[in-house]
There are 4 protein chains.
Amino acid sequence: MHPQTLQRKVLRTICPDAKGLIAKITNICYKHELNIVQNNEFVDHRTGRFFMRTELEGIFNDTTLLADLDSALPEGSIRELNSAGRRRIVILVTREAHCLGDLLMKSAYGGLDVEIAAVIGNHETLRTLVERFDIPFIFQSHEGLTRDQHDNNMAAEIDRFQPDYVVLAKYMRILTPEFVQRYPNQIINIHHSFLPAFIGARPYHQAYERGVKIIGATAHYVNDNLDEGPIIIQDVIHVDHNYTAEDMMRAGRDVEKNALSRALYQVLAQRVFVYGNRTIIL
Amino acid sequence: MHPQTLQRKVLRTICPDAKGLIAKITNICYKHELNIVQNNEFVDHRTGRFFMRTELEGIFNDTTLLADLDSALPEGSIRELNSAGRRRIVILVTREAHCLGDLLMKSAYGGLDVEIAAVIGNHETLRTLVERFDIPFIFQSHEGLTRDQHDNNMAAEIDRFQPDYVVLAKYMRILTPEFVQRYPNQIINIHHSFLPAFIGARPYHQAYERGVKIIGATAHYVNDNLDEGPIIIQDVIHVDHNYTAEDMMRAGRDVEKNALSRALYQVLAQRVFVYGNRTIIL
Amino acid sequence: MHPQTLQRKVLRTICPDAKGLIAKITNICYKHELNIVQNNEFVDHRTGRFFMRTELEGIFNDTTLLADLDSALPEGSIRELNSAGRRRIVILVTREAHCLGDLLMKSAYGGLDVEIAAVIGNHETLRTLVERFDIPFIFQSHEGLTRDQHDNNMAAEIDRFQPDYVVLAKYMRILTPEFVQRYPNQIINIHHSFLPAFIGARPYHQAYERGVKIIGATAHYVNDNLDEGPIIIQDVIHVDHNYTAEDMMRAGRDVEKNALSRALYQVLAQRVFVYGNRTIIL
Amino acid sequence: MHPQTLQRKVLRTICPDAKGLIAKITNICYKHELNIVQNNEFVDHRTGRFFMRTELEGIFNDTTLLADLDSALPEGSIRELNSAGRRRIVILVTREAHCLGDLLMKSAYGGLDVEIAAVIGNHETLRTLVERFDIPFIFQSHEGLTRDQHDNNMAAEIDRFQPDYVVLAKYMRILTPEFVQRYPNQIINIHHSFLPAFIGARPYHQAYERGVKIIGATAHYVNDNLDEGPIIIQDVIHVDHNYTAEDMMRAGRDVEKNALSRALYQVLAQRVFVYGNRTIIL
């Protein structure tokens, strides 16, 4: 019998590709008597970059495990070892409820292994909804503030909760580069179009004007530029001439919330690797 | 200026097909100075049946309009004239929250033009969720009751609210024929499989065992037999060997809630015609 | 018994919206003892434009039918009466076989009610494939010619066959405005991207670089600008990080050929109405 | 410079799960100085079964490599080492051309790395199409023969070509168990429905009668029972009340041919593992 409880952790390795990498890493895990629950790897042959996600179960000695990995991996390697399981997020919103509602439902009733530490809005509109789920709602008006001032206020509130990720659930503000750089690969946004089509304002109206037959939504990490970060999930639905721009908007809401939830599911499971402007989902 | 406000109504006509039907019906509307906002028709050539949905705007004299239609339409015709707009539903639930949650969100924050008069559960599980949205939750335990007794209790509660439709949002009880016949073409169910595959219990486990690569959900009217009614909407997602039965169940929940909401959207808009075991959506 | 054979024709009406239009048009058909096999209409409420496709069966007196329509319809109306059934096309190609192959197969073995009068290529590559299906292949090299000269040569060849439509099945040349204007609403193109994303050269490489998770294809009419015409059909598939640009290209070929065939199917059935930069499919 | 050319091979391992398996196998590859181009594995935790596909590049000594693997792997392990690249198939057909046509096109013009050694039909219908592509067509009538006799004749013809796989491209005959057992995990069929719905004859008519809103196709291995084998790929399209059974059949053809081609693509790449009645695609 095990006197110690088995733990589950996720090891993520990113390094230059080389012969024998899988062997080396899995050997070390084997030596540490860790069971590999799931292992996925990917080599980007264009750039010679190796990515591996290893889900491990056993009794961990993090220090020696990481030291062993460091001595085996080539220079310039990144390896992260995090406990599997529940993550904490802060959600930013403006006035639209659909994405937020889906996250609240899934956090409370299953579907996302996540603790919503707080919801911060630049409008009061969604306070009631959030408080219905017994989660703190924080109002941070942008009125009368510069963009820098407002983003600093937002960051101050966010940092109180030490979240793993910041989720923009239809937060309709452009973020300052300073804000974005504060949370590298930690900000996830839902864009209401099938990027890179219809970047910019009022994408459903743009889509309507162009007469497209499919509309979509894109969940992505936020880098410097709001709509240009690495894409995690995209989803679409067919539309036809009967759809006004408003109909597209209504139908698009379901696509948006599904795409955001599915992206967050993958991110929470530590499956998403960012590489340049692309993501690898292992 | 109009001294009277313009009203919007939906005329639904079902009758044996005949030459000149569209002309006759639209002539009558024209004569009544009603504007046709939208008109859709369908002829089932196999059975010679004509279906038309006409969305009208103007000042209505229902009595003379229906009388004019009756004198113009062939024998055996059905015509219904209902005001467009908001409908009232009662939702039946058991323990799963996802479909209910989506309906609550859309009723409160847009997406479905519906008033949820009450939610009735055969378990207490979802009381908190429902009451968070300020909607009455009624607990009707089935314990110690025959199926007839329980269904009678349910019907008594439902009838207090005079709903237009009864929505089964993962209500996991088999209904008696008496109950079903009490609400003809008014009960809408979500079945957690791509019917007619995997009728019966634990469809995701059946799907897993069969090794399918796509799973789905089916929103349908309930006739006598719980899973055999006319299908309104079906939707699917791709799965692969990484999905356990539990993963299918989790992923399936989004498909279920989307299918149910989209079906209800069409039903509320009076677009769905039931014809035998099939639906026509105009 | 009918001494004369019943004919089937499609009446297409485009006009300013007005009360009683459906009644007027269907009355005239009724008066002419024509049976309405199928009728679909759409009103663009934003611009007050009415579109109707009426599939008729009976014995036609085209002259009096059109005259009756002309006297009933508002000024500025367009009405076209064409026989239903098989249409004739000319296909333009360059070097890629997949779209062409699908059209050849469907023309010969069912799926498209179309006569392929000829295939014209600016390379010889596809001659064998075309001739395998006993269809004339015409080689029109662009080498040493100006764009105008080449397009004139192409047009001269096309016009010998008097086609109803010109289908660009991966014809990788930019057309002159003169060429395009010669065939208004008659040129159908398949673009290898989900327009308006990735307009321009090498869209799969652009898509790869952007790290998209869905790729698509767009079948559209060609107006002045090659990739900017009214969209008929769009289709997509999911891709992931395992796809190189070449994999996207390979997978995209199936999407392209399906989108083009489905668009052509609708066009051949005279279901597609062009209105500004949009299509209405009735 | 390499005096010997690098080869590419695929190693497929199936064995009881155990700690250190990935390490052991990849160690051996490393020791043999083979480069892992791509590695994918899957553990079925329910049954404790380990599956791994390893794409290797280098100079192979098959005998010592396999011997090393045998001494390292647990008892009851299966390991196969095959060269990557082009495979040979024989296609069986009846009268429908669409799936066959897609395979002919892709074999000749790209999309499937496959040599079609011969097409065998129980009708003459498709001879012309096959011969257009310079591939032998063999007619094997079933008339006047018992099922056993006909299947023996078919097998005799098939075996002349020593194919890697036998593809049933709408071959509308039930196979004898003897025939099926002769080609274990080598027969791939396309079934014109979304299995397990509508098993049996005339699935599109069944689908029409049931009023489904989605139709599909299933590519699968053939075991004893024609429609019950392990599913490789399923695909679907949405339909509505406008579709007659014939329309479903026509639209379904594209789904069928796409599903069959995509399944064959995975099979040819040696990515599909059969495990009980399920497939694992690595």
Inset, instruction - Quick one: count up the residues across the range B:34-47 that are in contact (Cβ under 8 Å) with a residue 40 or more places away in the chain and crowded, with 20+ Cβ neighbours inside 10 Å. - result: 2
Legend entry - Out of D:Glu157, D:Glu143, sole residue that is under 20 Å from D:Arg87 (Cα atoms) and over 17 Å from the mean Cα position of the chain (by Cα): D:Glu157
Inset, instruction - Please tell me if A:Ile214 is within 27 Å of A:Arg87 (Cβ to Cβ), open to solvent by less than 10 Å² (accessible area, probe 1.4 Å) and within 14 Å of chain C (Cβ to nearest Cβ). - result: no
Inset, instruction - Report yes if some residue within the range C:188-203 is farther than 22 Å from C:Met154 by Cβ, crowded, with 23+ Cβ neighbours inside 10 Å and more than 10 Å from chain A (Cβ to nearest Cβ); otherwise report no. - result: yes
Inset, instruction - Given the conditions (1) at pLDDT below 95; (2) more than 30 Å from A:Tyr275 (Cβ to Cβ), report the number of the one that C:Tyr221 does not fulfil. - result: (1)
Inset, instruction - State yes or no: is D:Arg95 surrounded by fewer than 17 Cβ atoms within 10 Å (Cβ to Cβ), in contact with an Asp or Glu (Cβ under 6 Å, 6 or more places away or on another chain) and more than 14 Å from chain A (Cβ to nearest Cβ)? - result: no
Inset, instruction - Quick one: count up the residues across the range A:1-21 that are among the hydroxyl-bearing types (Ser, Thr, Tyr) and open to solvent by 20 Å² or more (accessible area, probe 1.4 Å). - result: 1
Inset, instruction - Answer yes or no as to whether C:Ala207 is within 16 Å of the chain's Cα centre (by Cα) and either assigned to a helix (DSSP H, G or I) or farther than 30 Å from C:Glu80 by Cα (or both). - result: no
Inset, instruction - Please give the strands (runs of 3 or more DSSP E) falling wholly within the range D:12-96 in which 3 or more residues are charged (D, E, K, R). - result: D:49-58
Inset, instruction - Could you please let me know if B:Tyr165 is open to solvent by less than 50 Å² (accessible area, probe 1.4 Å) and more than 8 Å from every other protein chain (Cβ to nearest Cβ)? - result: yes
Legend entry - Filter result (out of contact with any Phe, Trp or Tyr (no Cβ under 7 Å at 6 or more places or on another chain), within 7 Å of another protein chain (Cβ to nearest Cβ) and crowded, with 19+ Cβ neighbours inside 10 Å) within the range C:227-254: C:Ile231, C:Ile233, C:Arg253, C:Asp254
Inset, instruction - Could you grab me the full set of residues in the range C:217-226 that are within 10 Å of another protein chain (Cβ to nearest Cβ) and under 14 Å from A:Ala197 (Cα atoms)? - result: C:Thr218
Inset, instruction - Evaluate the range A:27-35: report whether one residue or more is touching a helix residue (DSSP H, G or I) at 6+ places or on another chain (Cβ under 6 Å) and of a type in the set (Val, Ile, Thr). - result: yes
Legend entry - In the range D:131-147, the residues that are at positive phi and among the acidic types (Asp, Glu): D:Asp134
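Of all residues being part of a helix (DSSP H, G or I) and surrounded by fewer than 23 Cβ atoms within 10 Å (Cβ to Cβ) in the range A:99-119, which is farthest from the other protein chains (Cβ to nearest Cβ)? Just the residue, please.
In this case the residue turns out to be A:Ser107.
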Inset, instruction - Would you check if A:Asp134 is of a type outside the set (A, V, I, L, M) and either assigned by TED's automatic domain parsing to the domain that holds A:Thr218 or under 30 Å from B:Leu129 (Cβ atoms) (or both)? - result: yes
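What residue, among those in the range D:22-33 that are facing another protein chain (nearest Cβ under 8 Å) and not charged (D, E, K, R), is surrounded by the fewest Cβ atoms within 10 Å (Cβ to Cβ)?
Checked the range D:22-33; the qualifying residue surrounded by the fewest Cβ atoms within 10 Å (Cβ to Cβ) is D:Tyr30.
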Inset, instruction - Please specify each residue of the range B:127-151 satisfying the condition of being open to solvent by less than 40 Å² (accessible area, probe 1.4 Å) and under 18 Å from B:His98 (Cβ atoms). - result: B:Leu129, B:Val130, B:Phe133, B:Ile135, B:Phe137
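Inside the range A:48-61, can you point out the residues that are without any contact (Cβ under 8 Å) to a residue 60 or more places away in the chain and open to solvent by 50 Å² or more (accessible area, probe 1.4 Å)?
Matches in the range A:48-61: A:Glu57, A:Ile59, A:Asn61.
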Inset, instruction - Looking only at the range D:177-185, decide whether some residue is within 10 Å of chain B (Cβ to nearest Cβ), surrounded by fewer than 17 Cβ atoms within 10 Å (Cβ to Cβ), outside any loop (DSSP other than H, G, I, E, B) and not polar (S, T, N, Q). - result: no
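The values are calculated or read from the model by the stated rules, or taken from the named source; none is laboratory data. As the structure is a computational prediction, the values presented were derived from the model and not from experiment. For neighbour counting, all protein chains shown are included, and Cβ atoms are generated from backbone atoms with ideal geometry for every residue, glycine included. Accessible surface areas use protein heavy atoms only, side chains included; no ligands, DNA or RNA. Shrake-Rupley method; radii C 1.70, N 1.55, O 1.52, S 1.80 Å.
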